[in-house]
Each structure stands twice: as C-alpha cells, then as structure tokens.
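One structure is given below, encoded as structure tokens.
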Amino acid sequence: MPVPWFLLSLALGRSPVVLSLERLVGPQDATHCSPGLSCRLWDSDILCLPGDIVPAPGPVLAPTHLQTELVLRCQKETDCDLCLRVAVHLAVHGHWEEPEDEEKFGGAADSGVEEPRNASLQAQVVLSFQAYPTARCVLLEVQVPAALVQFGQSVGSVVYDCFEAALGSEVRIWSYTQPRYEKELNHTQQLPDCRGLEVWNSIPSCWALPWLNVSADGDNVHLVLNVSEEQHFGLSLYWNQTGPQIITLNHTDLVPCLCIQVWPLEPDSVRTNICPFREDPRAHQNLWQAARLQLLTLQSWLLDAPCSLPAEAALCWRAPGGDPCQPLVPPLSWENVTVDVLEFPLLKGHPNLCVQVNSSEKLQLQECLWADSLGPLKDDVLLLETRGPQDNRSLCALEPSGCTSLPSKASTRAARLGEYLLQDLQSGQCLQLWDDDLGALWACPMDKYIHKRWALVWLACLLFAAALSLILLLKKDHAKGWLRLLKQDVRSGAAARGRAALLLYSADDSGFERLVGALASALCQLPLRVAVDLWSRRELSAQGPVAWFHAQRRQTLQEGGVVVLLFSPGAVALCSEWLQDGVSGPGAHGPHDAFRASLSCVLPDFLQGRAPGSYVGACFDRLLHPDAVPALFRTVPVFTLPSQLPDFLGALQQPRAPRSGRLQERAEQVSRALQPALDSYFHPPGTPAPGRGVGPGAGPGAGDGT
C-alpha cells in the first residue's frame, strides 16, 4: 500500500502554472515588426560590445520596453526545444536642433535643411542574451517612415524569434542601439522546467519526467523507473545543501533538504530537480531525530543536523528528580540558530545546565552538554540575581513551582533554607555561572543541608531498630515462630512460581500434535511453566527451529528446569537416523518440527553424561513401549502416560522439593484433562470404543499402537 505522504507523483505533478506554448517550425531565426515599420535580421551574430553613450544628433529610435514570450521551436512533432521570443518596443527620442544660419540671417532655412525633418528614421537595435553557458548578440535593422515620426511617441515594436535556452535556466536580456544614445534596457526571464510545461512529451529532455514513481513495502520505499529496454537513463539522489551525493533511499533518510534529480543520458539533457519533502512533517521528525548538539568549548556549542533549518536555542536548568528543564529566559534570551556554532556568555559550566532547541514553537532537542565532562546532575539551587537602577538588586531561587524570592516565608525547600543560601552566597560558596549589567546566575550546593537532615533520619532508624531488637529478645519464642512462618511463605512463593519445563516431540501427524497440546495444557494447571513450539510458532518461524530450541533449552537449564523428550514412532525413527548417520535424513516433517532440529543439541548432553537430572523421557500407552526408545536416551527415566503419571509429575518437581501428598490428586487431574484427547487419538469418531478406558491404572500396551 503506497504511503500518501511519500508519493513523489504528487511532487512531480505540482506546479503553480502550466504553460501551453506556440510552436515554430524550422531552425532559422526570424524577425517581424509592427505595421508601417520595416525590419530585417542580420544573417549572423555580432560581438556584444555596447560601447559608450554618445550624444544624439537629432531624433533617434530608442528601445523603451522589452516583452518576452515562451514558444517551441520544433524540427518535428516530438522533437522541440524551448525558445524565448522577445519584442522590443521603440519610441522617438530627441528633437531637431535649430540651425545657426537661420538666427544669423533672420530667414528660413533652405530646402536642403528642411529635407532631413521629413526623412524616415533608421536604427540598429542590438539584443544581447546570456544564459549559462550560452551568450549571443543579434542585430535588428528597423526603419520608421517620416509619417510616424512624432517626438516622444511610440512607433511600434520589432519581434525576434527566437533564443533557445535550457529548461529551468535564467536568461538575462539587454537591448540598446548601435551607436548607443541611452542606457541599455535589461530584463531577466526564469524559464520553467518540465513540470511547468503542458507539452513535455514534445521535448526529449523532459521525457524522463513520467518515468519516476514510488511504491512502499512496509518501511522500505522503492523508486520505480518505467523506461523501455533501449532507453538509457541516469538517477541521482542528493543533499540540496552539499551538492550531489548517491545515497540509499530509506524511510529514515527522508529529510526536508533531500532532493531527487533525474535525466535522460543524452547530450546537453536537462536534469529535473525535485525536493518533495520540504514541508513534510515526517521528514522534519527524521531531521530532529538525527540532529545532535556538540559542546566545542565552555561557551560555544554546535548544532549538527542534516539540513539547515531556522530554530531558537536557550539555556535551561534541570534539577535532579525528573522535573522539566526550566528555560533561563529571562534573564538570558532565545538565540536564533541554524546549523552553526552558537555562543552563550557563560563564566563556568555546570552539569545541570542544558540547551533547548525549539522550532515551530515546539521543543525539538534538549541535551545537557556539560554533564559528560562535569559528572551527573547535582542537587544545587540556582539563584537568579536581578539588578536595577541605583544598585538595587533582588534574588530568587529557581524551583519547579517558579522563582521563589529570598528571603521568603513560603513553604518551599528554597524558602526554608533561604537564610543559609544567602549566607553561602555572601561567603563565596556559590558558583557564579553568568554575569552582566542586568543580573547574574549562581549555583549553590545543597548537599550539606541534606546530609544534616539524613543524619537525623538515620539516628531515628537506629533507635527504632534497637527498640525492636529488645522486644524480640524479650519474646524469643514468638520471634522464632514468626521467622518460621516467614520462611514457609518464601518457600510457598517459590513453589507457586513453578519449575520451567521444555516439551519436545516429533510432529508425526496433526492428531499427535493435538494430543501433545492437551498434555502441555494439563501440565500448565500445575506449578509448572511449560514451553512448547505449538505455542511459539511466530517466534519459531522468525528465528528458525535450531535457534529457537537452543535459546529455550539454555534458558530452561539455567533456571534449573527440565527438558521433556516425548517419544513417538516418528521421534524414535529420527533418533535412530541421527545415531547411525549423524544427520537427519529428509522426511515428512513440517517446518516447525523443533524435535528434529533439537537433536544436534540434545545428543551431546546424553553422550557427555549431562542429561540425568535435566532430562526426562515419556511416551503414551498403546502408542510406544519404553523398550523401543534408543538405549542412549534411557539413561534418564522414561515414563509411560498416563499409567505412570504420578512418577512423571514427581520427576518434574524441583530436585530438592519435598514429595507433596497431593501428587496423586494432581496426577488424576492431569489424567482427566488428557483423557478426551487420548480417546480422540486412539478411537477417531465413527470407530467403536474399547472395553476399558486409559487411566493411571492402565498398563502399557506397546503393541497396540505400533
């Protein structure tokens, strides 16, 4: 099931504006102008040399405004490039100067002077483009007829098609005339990337956009690239602040500055950059989980985090006992931090001083940086000194309930010890942590006052113990009876906890497994803690049979428990194979058969003589005779059930536990719980029942079940 907050398809499709562009056919640049004007484009580019501004000899054409438009230049339907169309608006600037001859002779100028006033205007307009790594200049010649020449008025525009630029790039445009009569115009255009274009399928460099998809499998995230077999591609995951880095995408690696870059492996292809986790709350949570505070010097520390995020930091005071850390604001102030070094004006360090980092009005990080070098938290009281005008000052003690003024008649600990704290401050026994014109911070030790109070408590305890001993000596017999009762309670409590028993069997068939489950359930009603693989299938599948049995066997034997080997025809066959070949041959055993897996650990205990006292054997009447059990395993007691239930239950008790008179009663209880499962196994539904039941008094019938 996809994780909604991680779907990159949302990020890939998100864009404030989606553009649908006009298409131009052919590779050649072109120009056209407003009606009434004539224009042409020089055949080749020119050098971008604007030159100095020179005085205009009269009316001239000058660029007044630049207007841009995005278009597509296509060689064919699916092979287009992004192109920038530029329109230069022109106006007539300047005026005709009156000739000196007209003033000198007092007459009108001749026809040779009037002719320029009625002539058309011409201009050479330069367009300069810069877009890394490309730069070029083109020259447009424009002619305005005399009828349109009006001083200070716009005469129209000339349009240039077009300048090719890379997707997502920034294009800077300048326009001026040659020669240059005025300051050049400039304009900056930010081109969209593939996400902002409706026609991405017509631009080959954008074909990588729909390849990328994301799916989730539990905590693992998969990037799926849906590309054809003949298409080569490149993929990069990088940290936005430190440059490209190839990383493994894990759900714990998602942080706000993690970006994704994808592109086709073609010459000059555009790389699509996506940073989809900037506002994601879980990415911010991962960021603060990875952030660490490092103490550099006494006064400076470093906030080390994968991303640079604005935050606020302040010092706080943490008292022992689990109370929240109390910010020291005021007198200190919050400091703005990112991922850099910050300094606090401290005079001394203290283990109770901690640093709190808040972001978005929430506590994100708190560490007591000085505790590593100065030891654990101390039971000190922090005194805040506030200084006012005319050398006025006041003191208060920081406590969980607030800052208690000193001296004070309140019922808090600092108020009761206020006189002593002030004496310690005046005698120089308090450590000054911070000092400036507005106030100071002092840490005053409380150990000596606590020791005095504890001395009185210990004295009272010793007096009480002496009085109790005297009473016990006077009533010695009563004391012995009380100790005897206490010892019996301890023993009964240990017995109630029960001995651990690990039950091992061979899963011959489903009916035998139900019979084993009934036996385990019946034993649980006694003071026994039974472990059987039937009740631990999940752990068995996760760890494997050998590892699960090894852990259960070690825990059972370490606790003084017992391992019960429940023999059946299948178990005897497996044991024989192990004893003959040293390995278990393949057979019809299920994946959870712990008995088969346990033989490699059980056999060494029997071969080295460690089994007696820690192992017992058992088999069911009418299913297997004890003589059929291999001789190696008969070095420990082997009981038939349910005929020898009392002896079997006695062997399961603690080694030094006294024989309980209720053993026979418990054997009958287990027999009654086991009887329905025995009847169901030996006499399935639809078959006639035998003349007698199976009970504690029944003898073993070895030949009936084999």
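The values are calculated or read from the model by the stated rules, or taken from the named source; none is laboratory data. What you see is a predicted model, and the numbers here were worked out from it, not measured in a lab. Backbone-built Cβ (ideal geometry, glycine too); neighbour counts: all protein chains shown. What goes into the accessible areas is simple: the full protein's heavy atoms, side chains included, and nothing from ligands, DNA or RNA. Shrake-Rupley method; radii C 1.70, N 1.55, O 1.52, S 1.80 Å.
Going through region 394-409 one residue at a time, which ones are polar (S, T, N, Q) and more than 15 Å from A443 (Cα to Cα)? Within region 394-409, S394, S401, S405, S408 qualify. For region 623-637, residues that are touching a residue at least 60 places away in the same chain (Cβ under 8 Å) and open to solvent by 50 Å² or more (accessible area, probe 1.4 Å) total 2.
Can you confirm whether region 151-162 contains a residue that is among the hydroxyl-bearing types (S, T, Y), part of a loop (DSSP other than H, G, I, E, B) and at pLDDT below 90? The answer is no; no qualifying residue exists.
Contact map, region 352-369: residues that are touching a residue at least 60 places away in the same chain (Cβ under 8 Å) and of a type in the set (G, A, S) paired with residues that are crowded, with 18+ Cβ neighbours inside 10 Å and part of a strand (DSSP E or B), Cβ distance under 7 Å, separation 6+ or inter-chain. Pairs shown: S359/A311. Remark: pairs (first residue in region 503-518, without any contact (Cβ under 8 Å) to a residue 60 or more places away in the chain; second residue buried (at least 23 other Cβ atoms within 10 Å of the Cβ) and of a type outside the set (A, V, I, L, M, F, W, C); Cβ separation under 6 Å; 6+ apart in sequence or on different chains) = V516/Y505. Out of region 322-342, which residues are closer than 30 Å to L254 by Cα and either over 28 Å from the mean Cα position of the chain (by Cα) or in a strand (DSSP E or B) (or both)? Answer for region 322-342, where residues must be closer than 30 Å to L254 by Cα and either over 28 Å from the mean Cα position of the chain (by Cα) or in a strand (DSSP E or B) (or both): E335, N336, V337, V341, L342. Is it the case that W317 is touching a strand residue (DSSP E or B) at 6+ places or on another chain (Cβ under 6 Å), farther than 20 Å from L384 by Cα and buried (at least 19 other Cβ atoms within 10 Å of the Cβ)? In short, no. One residue stands out among those in region 300-314 that are without any contact (Cβ under 8 Å) to a residue 60 or more places away in the chain and open to solvent by 60 Å² or more (accessible area, probe 1.4 Å): the one that is farthest from the chain's Cα centre (by Cα), which is E312. Suppose the filter is in contact with a Ser or Thr (Cβ under 9 Å, 6 or more places away or on another chain), of a type in the set (A, V, I, L, M), more than 30 Å from L417 (Cα to Cα) and not in a loop (DSSP other than H, G, I, E, B); does L363 pass it? No. For region 320-353, a residue qualifies if it is of a type in the set (F, W, Y) and open to solvent by less than 20 Å² (accessible area, probe 1.4 Å), and exactly one does: F344.
Residue check: R672 meets all listed conditions (1) at pLDDT 85 or above; (2) of a type outside the set (S, T, N, Q); (3) open to solvent by less than 80 Å² (accessible area, probe 1.4 Å) but one, namely (3). Comparison of E279, E230, E182 shows that the only residue that is modelled with pLDDT under 75 and either in a loop (DSSP other than H, G, I, E, B) or farther than 30 Å from P310 by Cβ (or both) is E230. Mind listing whichever residues of region 132-150 are in a loop (DSSP other than H, G, I, E, B) and loosely packed, with under 14 Cβ neighbours inside 10 Å? The answer is Y132, P133, P145, Q150.
How many residues are closer than 20 Å to S44 by Cα, open to solvent by less than 70 Å² (accessible area, probe 1.4 Å) and in a strand (DSSP E or B) if we restrict to region 163-179? Residues flagged as closer than 20 Å to S44 by Cα, open to solvent by less than 70 Å² (accessible area, probe 1.4 Å) and in a strand (DSSP E or B) within region 163-179 amount to 6. Would you please name the residue that is farthest from C316 (Cα to Cα), looking only at residues in region 404-430 that are in contact with a Leu (Cβ under 9 Å, 6 or more places away or on another chain) and open to solvent by 60 Å² or more (accessible area, probe 1.4 Å)? Per the stated criteria, the residue is E419.
Within the option set G609, G617, G613, being touching a residue at least 40 places away in the same chain (Cβ under 8 Å) and surrounded by fewer than 21 Cβ atoms within 10 Å (Cβ to Cβ) holds for one residue only, G613. Based on what the data block shows, is A319 of a type in the set (G, A, S), over 17 Å from the mean Cα position of the chain (by Cα) and part of a strand (DSSP E or B)? Criteria not met by A319. With respect to S492, is the statement that it is open to solvent by less than 70 Å² (accessible area, probe 1.4 Å), modelled with pLDDT under 60 and assigned to a helix (DSSP H, G or I) true? So S492 passes the test. Consider region 233-274 and keep the residues that are under 24 Å from W288 (Cα atoms), open to solvent by 20 Å² or more (accessible area, probe 1.4 Å) and not in a loop (DSSP other than H, G, I, E, B). The one that is modelled with the lowest pLDDT is G243.
Test L369 against the stated conditions and say whether it is touching a strand residue (DSSP E or B) at 6+ places or on another chain (Cβ under 9 Å), hydrophobic (A, V, I, L, M, F, W, C) and either surrounded by fewer than 17 Cβ atoms within 10 Å (Cβ to Cβ) or part of a loop (DSSP other than H, G, I, E, B) (or both). Judged against the criteria, L369 is a match.
For region 126-155, filtering for residues that are over 60 Å from the mean Cα position of the chain (by Cα) and over 14 Å from D45 (Cα atoms) leaves 14.
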